[in-house]
Structure formats: structure tokens, C-alpha cells
Amino acid sequence: MEIHATRGDITQLSVDAVVNAANSSLLGGGGVDGAIHRAAGPGLLEECRGLGGCDTGDAKATGGHDLAARWVIHTVGPVWHGGNRGEAALLASCYRRSLEVADEIGARSVAFPAISTGVYGYPRQEAARVAVETIRSTPTSVSEVHLVAFDAQTHSLYKELAGGSSPSAPT
Ligand code: AR6
């Protein structure tokens, strides 16, 4: 698997699936969630209404609607409470479950935002480490992952951590 550190707006990427950092209602919000819903158009919200929400650490797929991406994988990151409330395991679960859902729908290229590091307050460096370690250690048919940073700090963390390819994933 190739892991790319990418900077920019995730809604503009031509990948099979973009991951959304949603909330458990799956009915939209601010940050990257708002950006994805705006770019995908109202059909995305319509489809999300039928999903019945999503637990923290889990992931569910919809179509991409007006996005270039064919699918959106909605995952719900943990709110940061200081690190002693299972945040790292829940964040790892978001990346792992998103890759499992990507396998179920047949997505081979997937773009992730920095889940939980905005409104939910997860420290960027710890979150970047969880992202890279979990993606590397999850068996998946996804062959191309883009770690998409909106800010310069996250981008340099990703460049530092994500150099090279994954030895543990199937080729
Ligand atoms: N492309 C890529 N990354 C982005 C974009 C974009 N267009 N916009 C923001 N980011 P956040 P969370 C980055 O707050 O912390 C929503 O209201 C942003 O800089 O979007 O998981 C949901 O509905 C940050 O690095 O998500 C939930 O209620 C990262 O995306 C709640 O926020 C995540 O920031 C989820 O909070």
C-alpha cells in the first residue's frame, strides 16, 4: 500500500472514496463534514438520513453524489477528553473500520481527513501517529491512501510519519 501525505481540500480529490469525519447523527455539521455535504449536494444528506446514525469508532458508506469520489465513508471520531477515555482505541477503530468498509465496497484509493483533530480536539501529533500506525497494520485491499492535511502542521507530521510504503499490508 502507498500512503501519501497530501495537503488541501479533501472534497476536490479524485479517489474512489473520501472519508468524512462525521458525528453520530450522520446528518452533517461543520469542518470537513460541512465541506463534504456542501460539495456532494443535498442527495448526500438524503442518503444519510436512511443510515440511522453511526457509533463512535464505526464507519458507514454512502454514494459520493456530486463529488468526484464515488463513495463517502462516514466515520465518527472520539471527542478528546484528555486521553484516558479510550480515545486512541476509538480513533484507531475509525481508520480500521473505514478500510474494512472500503474493502466491502471495492474502493482501492481512499482519502482520510485528520479525524477528530478539529472540533473534537484530539492532539494533532498523537492523532497522526494513530492514523499511520493503524493504516499500516490493517490488512486491506486498498492500495492507495491519501492522508489529507488542511493545515501545515498536520501536513508535516504526515510527511514525517508516512514516508515509505506498508510492509504489513497485502500487495
Ligand atoms: N478538507 C480536508 N480537511 C479538512 C477540511 C477539508 N475541506 N475542512 C476541515 N478539515 P473537523 P472532527 C480538517 O472539525 O474534529 C463536525 O461538525 C480540519 O482542519 O472537521 O472529527 C462534525 O459534524 C481538521 O484537521 O472534525 C462533527 O460534529 C480535520 O479536518 C465534528 O465536526 C478534522 O476537523 C467532528 O470533529
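Rule-based calculations on the coordinates, nothing more; no lab input. Keep in mind it's a predicted model, so treat the numbers as computed, not measured. A quick note on method: Cβ atoms are made from the backbone with ideal geometry, for glycine too, and the neighbour counts reach across all protein chains shown.
A few comments on the model shown:
- Remark on the chain: ratio of C-alpha radius of gyration to 2.2 N^0.38 Å is 0.93.
- When you count the other C-beta atoms within 10 angstrom of each residue and take the mean per peptide, 89-102, 125-138, 33-46 line up highest first as 89-102, 125-138, 33-46.
- For region 113-151 and region 20-46, distance of Cα centres in Å: 19 Å
- For Ala111, the residues whose amide H sits under 5 Å from its own are Ala17, Val18, Val19, His146, ignoring neighbours fewer than 5 places away on the same chain, with H placed 1.01 Å from N.
- Simple rule: put +1 on each Lys or Arg Cβ and -1 on each Asp or Glu Cβ in the chain, find the dipole, and look at Ala61, His146, Val72; the Cα lying farthest toward the positive end is His146.
- Within the chain, the selection of entire DSSP H helices by a Cα span of 18 Å or greater along the long axis and an average Kyte-Doolittle value of at least 0.0 returns 87-105.
- Inter-centroid distance (Cα atoms) of region 54-84 relative to region 91-106, Å: 10 Å
- For region 1-149, the Cβ-based charge dipole about the Cα centre amounts to some 260 debye (Lys, Arg positive; Asp, Glu negative; other atoms uncharged).
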